[in-house]
Structure formats: C-alpha cells, structure tokens
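Here's the structure, in structure tokens; my notes come after.
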Amino acid sequence: MAKGSDLLVQALENEGVERIFGIPGEENLDVVESLRTSTIELVLTRHEQAAAFMAATYGRLTGKPGVCLSTLGPGALNFSTGAAYAHLGAMPMIIITGQKGILSARQARFQIVDVIGTMRPVTKMARQIVSASSIPTIVRDAFRVAMEERPGPVLLELPEDIAAEEAEATTVPSHPIDIPVAHPRAIERAAAMILAAARPLVMLGAAASRPRSTSDLGGFVQRTGIPFFTTQMGKGTVAHGTRLYMGTAALSERDYVHEAIDAADLIIAIGHDTVEKPPFFMGQPNQKVIHISYTPANVEQVYYPDAEVVGDLGPTLKLLADRLEGRLPQAGALLPLREHILARIADRADEERFPVTPQRLVRDVRHVMPEDGIVCLDNGMYKIWFARNYRTAVANTLLLDNALATMGAGLPSAISAALLYPERRVLAVCGDGGFLMNSQELETAVRLKLNLVVLIIEDSAYGMIRWKQAVDAFPDHGMTFTNPDFVLYARSYGAEGHRVNAVAELVPTLEQAFRAGGVHLVAVPIDYSENIRVLVDELRAKVKDPVPDPAA
C-alpha cells in the first residue's frame, strides 16, 4: 500500500522526470513530502506562470514533457498563459494542480474554481484524479498524450484527499511508439510535382524543429540541392551557413526573402504549422505548395496546399530524397537571388551610432554566442530583427515564440535552458516591458546558482505596439513608461548588473559576463527608428523597384 502522492511521484520517476517547476500550496503538501524523499528536484519559482514557461521550454528542447506544479484556484489559473504557450507552440508538458478534497467539503467553496473546465481549451487533455489506485495508468496516459503528435500540455488535478489516500498499484511501463511513414502514393505524387517544378523552394517550419526531426532535414536539403528558407520557429533546423539558405520569413510579405518566395513555382513546406504568423500568403499565380509534416495541414485562408505528405518526417524525407537525388537540374534556379537577399538583410549591421541599432545588436549577440549557445527571446520588436538577421547553425539555439507570442517568457525559458545545458552559453534577450512581467525569476536563477546572462533592451515603451500604432497612422499615445535602475535592480537580487553606455561596450560587456559566470543583467538602450526606416519605408519602396530575375 502507498499514498496517492507516493504513487504519483513514483509514476513521474518512471517517466524519467528529473525536476518539477512550481509553487506548492497546502493542497500539495503530501506531494511535496513525497518529492522530498524522491530523486526529483522541486524547483521553486516566484510565479506559476514562469514555472509553466520553464516546463514548456524543457519539453521544447528535449521532446519529453516538462512538469510544473501548483495549488488550486489562483495558482492553477496562473498556469493558463503557460498552458496556451505550450499548446500553440506544440511543447509537451504535464501540469499538476491541487484541489480541495472531493470526498468531503469541509471548506465549502473556498478557493474552488473549475480548473478542468477552464484549462480544457488550452490543453490536449485535462483530468481530475478521483482514485489513488488509478494514478499510475493516468500518468502514463498523460505522458503519451503530451508527447504524441501534435505535442502539447496535459493537466492532471490531484485533490488533497486522493493524494493522502492509501492504495495498491504498480507503475505502468512505457514503450516506444513509432510514427508511421507517409503513404507511397503521397511520396510519389510529391516527387512528381518537385521534378516538374522550374523554381522549387523549401520552407522549414515549426514542426521541423522537433528534437526528433532535425537530424534528417539537412540530408534532404543537401541531397536535393533545393534552396530553403525558414519560418521564425523553424530557424536552425538546417545550418544557415549552408550555401542553400535564403533567409527567414520574419514578416508575412514584402521583405527581401519574399523575392525568392514570390518567384518560386513550388514551395515544399516541411513542418509548417499555421499557429505561426504566416511566413507568406498563398495565391501567387502558377505557384503550388506541398505540405510535408507529421500531421495533415490545417486549411486556412492563407494556407491551402495542393498536396500533402503526412508521416514521420525523417524517414519520409529520406524516401522522398531517394526519388529526387541527381534528378533535379533545376533545383538551384532561385539561388542567384541569395546574395542580394542576404546582403540587404545584413545592411547597416556595423552601425556605430548609439543608442545601438537592432541590426548592430543582433550582430554583436551573434559574435559572443558560440554555435551551440542558446538565445531565448521574450516577445517584442527585437524578435523580428533576430528572426530576420540572426544566423543559426544548430536547431533550437534561437528560442522565440511566434505562436502565442506572449510577453514574459524570455527569462523563464532561459532559466530552463541553463538548467538543462549548464556547459553552454545561455542568453535571455528581453525588452524592458516583457522583462518586468517575470523579472522576479532573477531570484530563482541566483538561488539555483545558474550561469546566465540577461540582456535588457531599453526603449521605455511597449515598442512593438508603438511601432504598429505609428504604421497605422495613429497618434503616439499610451505606450510609454519609466524603468527602474536595472543595474541596482539586478544587484538587489544578488546578480551582477551592467549598463552599456557606448556601442563599442556591448560585446566586451557580454563577453565579460559570460566569462565571469553567475547571473548577469546587461541593460542597453536601443534606437528603434530603424523599425520605420527599414521595415516600413524601405520595404514599401522596394515593391516599386524591379525584383532581380533569378534567371538573369
């Protein structure tokens, strides 16, 4: 016989769980006691939302569910944004929440909210555990559901009397589940379309960045010789240093990479997920799209492919490449556009003016980060610049959210990455608005003795919305604020604080922080006038100019 909480923790250990992020409440005290004598580390955070972001990032980086824990009511509801973040971003996660006893009601309705009903729309499955003996099978099922395509969050609610209930049950062994390979007819149909294309182009999307996917994508690109671009969440799935990389679609239209997209007569969309902001709009005359992914396409107004190849990406792409290798003399038809596209994206990356420009900021961050270094972005205007300008060679080394696109995730995501990979450089890049939404987690990072650098981009405004306000010709109103002294703020938590006062100081300050170890915050002001100059005025003017002919 064992308590329900012991059965829960044993089941989690059976799934290979090493740590749980969260904030317990009185309804979780049996679980906390069971964790105390287990092999699982309880990582206490300062807000439940941050714990959910950490668990989701663990799932994103490993392909195995991260786990987070909260009490009932207010604590559980604080998981809602993190659950949506994992749900839209396809990150496997297990959410465990407490609840008052269900066999009696000694506290009436105090703190009781229908968490199951509230969280069902932003999870793959939400269940209340009503019997201790069922815990091992429910946990096994939760992990299976969280990991199977499309991955996402699962919520388990454990009432305190079920956690304390004695029961007899054994853990349920896990087993590997292989994803079927695409049907031969679908592969043959796609191969025929690619062989017939005059100007093919590959697009790598969010699902291509799954840990199980990335090793096989480079082989397909190299064997076919077809140039590729990525969505924001597909960056790094094939090394961007290759001669076939054409850019990243940070915007939906009119950017320089869209010269190649618009010229393509066939786009091979590998792993595209329409939760991402559209990387391009369909409807170009004489342009077809093939959808290749783990799951069928979601047909949308902006995405309605002409053919689908559904199955496990790795072996499916190998079979497709077998039918194409050496038979595509036209594979590189769009490559003459590459030099022009990448040169324009890199324009003004050496700007010496201060405050620093976004192009220079991205260049300097790339300079201090090794190929396997992980940059975790919060959500703000800088995300467009990093997506557009930051070159990656390793998958999941630029973590950004182009699905829920929530603010406040940058620092918690970086904490999770630093815990997973203590030997790698990890940098959180946050705007001053997004940072202060979960800045309390600096204490968590310091307490855990992490090596972590946090770069705060200061414009004293909600910069992305302010930019859109200006683009739409609204008056500048309601978007500005004042900040604390970030150097003193960092030091108050026991971290080191630095302020960059000249453009030449950014690289040495970041380098010094990484070399020193520990938690460092680096504040740098930014000149966002480039948002209008480049992303509005320059790209609007580009539409009027003739696009280079790839055949010329």
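What follows draws every value from the coordinates through simple rules; no lab data is involved. Every value quoted in this text rests on a predicted model; they were computed, and no experiment measured them. We place every Cβ from the backbone using ideal geometry, glycine too, and count neighbours over all the protein chains shown.
In whole angstrom, how far apart do the alpha carbon centroids of the stretch 112-165 and the stretch 256-335 sit? Between the Cα centres of the stretch 112-165 and the stretch 256-335 lies a distance of 36 Å.
Summing +1 for each Lys or Arg and -1 for each Asp or Glu among the other residues whose beta-carbon sits under 15 angstrom from that of Pro184 gives 0. Pairs to check: Lys124/Lys383; Lys3/Lys449; Lys64/Lys235; Lys100/Lys124. Give those whose C-alpha atoms are more than 32 Å from each other in this structure. Result: Lys3/Lys449 exceed 32 Å. When you restrict to C-alpha pairs under 8 Å that are six or more residues apart and normalise by the size of the chain, the relative contact order lands at 13 percent. Taking packing as the residue-averaged number of other Cβ atoms within 10 angstrom, the listed peptides 352-360, 32-40, 5-13 run from highest to lowest as 5-13, 352-360, 32-40.
Size of the stretch 77-172 from its Cα atoms: along the principal axes, largest to smallest, the extents are 39, 33, 14 Å. Ordering of 127-138, 173-184, 85-96, 463-474 by packing is 85-96, 127-138, 463-474, 173-184, highest average first (other Cβ atoms within 10 Å, averaged per residue). When Rg and the Kirkwood radius Rh are both evaluated on Cα atoms of the stretch 418-464, their ratio Rg/Rh stands at 1.03. When restricted to Cα atoms, the stretch 346-536 yields an Rg and a Dmax of 15.6, 48 Å, respectively. Summing charges over neighbours of Ala461, with a neighbour being any other residue whose Cβ is under 11 Å away from its Cβ, gives -3 when K and R count +1 and D and E count -1.
Taking other C-beta atoms within 10 Å as the exposure proxy, Met1, Met119 rank Met1, Met119 from fewest upward.
Where both bridge residues fall in the chain, DSSP classifies roughly 5% of the beta bridges as antiparallel.
Taking a sphere under 10 Å around the Cβ of Phe354 and counting the other residues whose Cβ falls inside, with K and R at +1 and D and E at -1, yields a net charge of -2. Think of each Lys and Arg Cβ as +1 and each Asp and Glu Cβ as -1; about the Cα centre, that makes the dipole of the stretch 61-220 roughly 600 debye.
Rounded to the nearest 20, the Cβ-based charge dipole of the chain about its Cα centre (Lys and Arg +1, Asp and Glu -1) stands at 880 debye. What shape does the stretch 310-447 have by the C-alpha gyration tensor, where a ≥ b ≥ c are the square roots of the eigenvalues, rounded means a/c under 1.5, and otherwise prolate means a/b greater than b/c and oblate the rest? It comes out oblate by the Cα gyration axes. Extent of the stretch 2-167 along its three principal axes (Cα atoms, max minus min coordinate, largest first): 41, 30, 27 Å. Using the Kirkwood radius built from alpha carbon pairs, what does the Stokes-Einstein equation give as D for the chain at 20 °C and 1.002 mPa s, in µm² per second? Rounded to a whole number, D works out at 87 µm²/s. Projected label points at Leu29 and Ser252, each 7 Å from Cα along the beta carbon direction, are separated by 5.2 nanometres. Taking other Cβ atoms within 10 Å as a rough exposure proxy, Glu325, Glu505 sort from fewest to most as Glu325, Glu505.
Between the residues Leu29, Thr57, Leu44, the greatest Cα displacement towards the positive end of the dipole of the stretch 2-167, with unit charges on the Cβ of Lys, Arg, Asp and Glu, is found for Thr57. I'd like the FRET efficiency for Arg323 and Glu423, computed as 1/(1 + (r/R0)^6) with the beta carbon distance as r and R0 of 30 Å, rounded to 0.05. The computed FRET efficiency comes out at 0.15. Our summary of shape: the Cα atoms of the stretch 184-337 have principal axis extents of 35, 31, 30 Å, ordered from largest down, in whole angstrom. Note on Ser252, Ser293: ascending count of other Cβ atoms within 10 Å places them as Ser252, Ser293, the fewest first.
Using just its DSSP H runs of length 4 or more, each adding -39500 (n - 2.57), the chain gives a mean residue ellipticity at 222 nm of -10000 deg cm²/dmol after division by all residues. The gain in end-to-end length when the Arg491 to Ala516 segment is fully stretched comes to 7.5 nm, 0.36 nm per residue minus the alpha carbon separation.
Scalar couplings 3J(HN,Hα) for the stretch 133-141, obtained by applying the Karplus form with A = 6.51, B = -1.76, C = 1.60 to θ = phi - 60°, are 5, 8, 4, x, 6, 5, 5, 4, 5 Hz; x denotes Gly and Pro. Distances between placed amide hydrogens fall under 5 Å for Leu398 paired with Val375, all partners being 5 or more residues away or on another chain.
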